[in-house]
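Heads up: the structure comes next, in structure tokens.
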Amino acid sequence: MTASGSRMSRRRFLGGTVAGAAAVAAPYVKTSHSAGRLSVGLWDHWVPGANEAMEKICLDWGAANNVEITLDFITSIGNKLLLTAQAESRAETGHDVYSVPLWMPSIFRDSLEPVDDLVAEIVSRHGPLVGVADYMAKFDGSWRAVPAPTGSLTLAMVSRLDFYREHAGIDLQTIFPAGERDPALVATWTYDRFLDAAGKLHGAGFSFGAPIAPGADSQGWLGQVFNAFGAVLVDAGGEIAVDSDETRAVLDYLARLTGFMPEAIYAWDDASNNRWLISGQGSTIINPPSAWAVARRDAPEVAAQVWHHDVPKGPAGRFRTSVPFFWGMWKFGQNKGAARALLVDLNERAVVETMLRASQGFDVPLTVSFRDSDVWETATPPAGVLHNYPVRGDEQVIVAGYPAPPAIASQIFTQAIMADLVARVTADGEAFDDAIGWAGDELAGFMRG
């Protein structure tokens with residue numbers, strides 16, 4: 001989900017008072033503790049310019065509230081965001097506020113400060129959060145993180161209009177227009193039809209590209225395919241369910257689909273599919289708009305042909321994976337008063353709207369009322385390129401690992417069980433039953449622990 005050359009870590013610092021902070025709302029908690037120093041560890045955004053916008057918002061807030069802010073932007077490539085969080089939680093020292101996307105609120109629930117009052121305040125000001133938020137960040141009745149003002153995303157299909165028209169005979173803009181759609185046409189976009197198109201595009205030299213490896217992108221796109229075939233590794237009751245006809249069906253499908261994908265996908269990271277599309281070789285990736293945003297800057301001839309649209313429908317339905325982003329407070333943080341104020345203030349509409357524009361429509365806010373922005377309607381080129389990036393049709397929004405209980409699903413995700421299972425079949429040639437048996441043993445092992 002990133003552009004090539006993204007920095008591994010980046011730090012910005014500002015002391016004391018700086019002018020120009022009026023754009024950020026007054027703090028929710030205004031006490032003597034809302035001063036001093038605050039160390040913030042944030043995800044290093046893929047979209048050029050988004051980090052700079054977030055930096056200005058945070059530093060302006062610090063200046064307005066007499067808080068000395070230190071910012072670190074930490075990449076998720078190579079799981080560095082997760083590894084840094086693991087190191088800090090074990091050492092009980094590090095940042096005061098930390099970016100905890102996806103399963104990280106579950107993984108670090110015992111190290112994160114409860115924030116029920118902050119979520120209640122955010123909801124009272126702006127209305128409800130999307131349904132997936134409490135599944136991801138609320139445990140034993142207590143919220144462990146608040147929505148991040150930036151970063152939350154969905155994994156749409158990102159395709160080349162010209163390649164599909166010329167080589168697959170499919171007009172994606174007709175099926176998924178930037179406006180009212182025909183449900184009958186949408187119903188034709190199935191995994192079988194995509195497989196047929198992928199074969200034709202591969203034959204023309206423009207393959208579908210998505211990683212099958214450790215990393216968020218890999219788990220995300222595989223998760224939505226598994227759910228579309230009704231295949232779950234662990235069910236909602238916490239029972240291992242990987243040994244099923246549905247799992248065999250999805251493995252059979254992916255064995256055929258990977259024949260139309262680059263051989264290097266088993267070594268790809270979260271940046272590789274972006275590079276694949278931007279290079280002009282890729283016909284489709286599964287991604288938020290970061291690849292398009294970089295192409296608009298670096299390869300405008302590619303960006304002009306890109307279209308974001310719904311994923312295919314499988315036997316069990318149409319599922320789109322989301323990656324919700326949250327910010328949390330470590331229990332060992334040194335300035336909880338300032339941290340609490342920051343977490344509420346940066347969930348204001350003005351902040352979120354600023355980040356929507358800075359991210360060029362990449363972010364999809366977790367607060368429902370903030371999704372009325374026109375940022376997706378006005379993006380170009382081409383006109384309408386981001387209209388279908390927010391879910392508008394019959395796609396069910398999930399997270400990879402769903403419907404397993406979060407503590408189990410987080411392990412499915414971080415240990416890349418789905419990717420390993422698929423790779424054993426598609427790259428190593430293992431029999432379905434052997435690979436499924438391996439997955440069952442892995443699931444049973446970490447569930448016992």
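The values are calculated or read from the model by the stated rules, or taken from the named source; none is laboratory data. Computed from a predicted model, the values in this text were never measured in an experiment. Cβ atoms come from the backbone with ideal geometry, glycine included; neighbour counts cover every protein chain shown.
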*Which one is nearest to SER106 (Cα to Cα) among residues in region 295-313 that are among the small types (Gly, Ala, Ser) and surrounded by fewer than 24 Cβ atoms within 10 Å (Cβ to Cβ)?*
ALA303
*Subset tally (residues that are part of a helix (DSSP H, G or I) and among the acidic types (Asp, Glu)) for region 64-110*: 1
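Can you tell me which residue in region 413-424 is modelled with the highest pLDDT, limited to those that are assigned to a helix (DSSP H, G or I) and under 15 Å from ASN79 (Cα atoms)?
We begin by selecting, within region 413-424, every residue assigned to a helix (DSSP H, G or I); these are 413-414, 417-424.
Applying the additional criterion that residues be under 15 Å from ASN79 (Cα atoms) yields 413-414.
Details: PHE413: 90, THR414: 86.
Among those that are assigned to a helix (DSSP H, G or I) and under 15 Å from ASN79 (Cα atoms), it is PHE413.
Among the candidates ASP420, ASP372, ASP428, single out the residue that is among the charged types (D, E, K, R) and either more than 28 Å from LEU233 (Cα to Cα) or assigned by TED's automatic domain parsing to the domain that holds ASP134 (or both).
On the way: ASP420 fails: either more than 28 Å from LEU233 (Cα to Cα) or assigned by TED's automatic domain parsing to the domain that holds ASP134 (or both); ASP428 fails: either more than 28 Å from LEU233 (Cα to Cα) or assigned by TED's automatic domain parsing to the domain that holds ASP134 (or both).
Only one candidate qualifies: ASP372.
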*If you go through region 371-389 one residue at a time, do you hit one that is closer than 18 Å to PRO147 by Cα, surrounded by fewer than 23 Cβ atoms within 10 Å (Cβ to Cβ) and in contact (Cβ under 8 Å) with a residue 60 or more places away in the chain?*
no
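Given the residues ALA407, ALA400, ALA383, which is the only one that is part of a helix (DSSP H, G or I) and either within 21 Å of PHE139 (Cα to Cα) or modelled with pLDDT of 95 or more (or both)?
Numbers: ALA400 fails: part of a helix (DSSP H, G or I); ALA383 fails: part of a helix (DSSP H, G or I).
Result of the check over ALA407, ALA400, ALA383: ALA407.
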*Which condition breaks for GLU121 when tested against (1) of a type in the set (Asp, Glu); (2) under 16 Å from LEU342 (Cβ atoms); (3) not in a helix (DSSP H, G or I)?*
(3)
*Looking only at residues in region 268-290 that are of a type in the set (A, V, I, L, M) and under 19 Å from HIS202 (Cβ atoms), which one is surrounded by the fewest Cβ atoms within 10 Å (Cβ to Cβ)?*
ILE278
*Do we find a residue being under 25 Å from MET136 (Cα atoms), buried (at least 20 other Cβ atoms within 10 Å of the Cβ), within 19 Å of the chain's Cα centre (by Cα) and in the same structural domain as TRP221 (by TED's automatic domain parsing) anywhere in region 354-366?*
no
*Would you tally the residues in region 425-440 being part of a helix (DSSP H, G or I) and within 28 Å of the chain's Cα centre (by Cα)?*
7
*Mind telling me which of the residues TRP46, TRP61 ends up being under 28 Å from ALA267 (Cα atoms) and either modelled with pLDDT under 95 or outside any strand (DSSP E or B) (or both)?*
TRP46
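Residue-wise test of (1) over 19 Å from the mean Cα position of the chain (by Cα); (2) under 28 Å from VAL130 (Cβ atoms).
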{"residue": "PRO289", "(1), (2)": "no, yes"}
{"residue": "VAL302", "(1), (2)": "yes, no"}
{"residue": "PRO324", "(1), (2)": "no, yes"}
{"residue": "GLY328", "(1), (2)": "no, yes"}
{"residue": "LYS331", "(1), (2)": "yes, yes"}
*Is there any pair with a first residue in region 333-344 that is without any contact (Cβ under 8 Å) to a residue 12 or more places away in the chain and a second that is assigned to a helix (DSSP H, G or I) whose Cβ atoms are under 9 Å apart and which are 6 or more apart or on different chains, and what are they?*
none
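Name every residue in region 286-303 that is in contact with a Phe, Trp or Tyr (Cβ under 6 Å, 6 or more places away or on another chain) and either β-branched (Val, Ile, Thr) or at pLDDT below 95 (or both), in order of residue number. Steps first, please.
Initial filter on region 286-303 (in contact with a Phe, Trp or Tyr (Cβ under 6 Å, 6 or more places away or on another chain)): 286, 288-290, 303.
Scanning region 286-303 gives ILE286, PRO288, PRO289, SER290.
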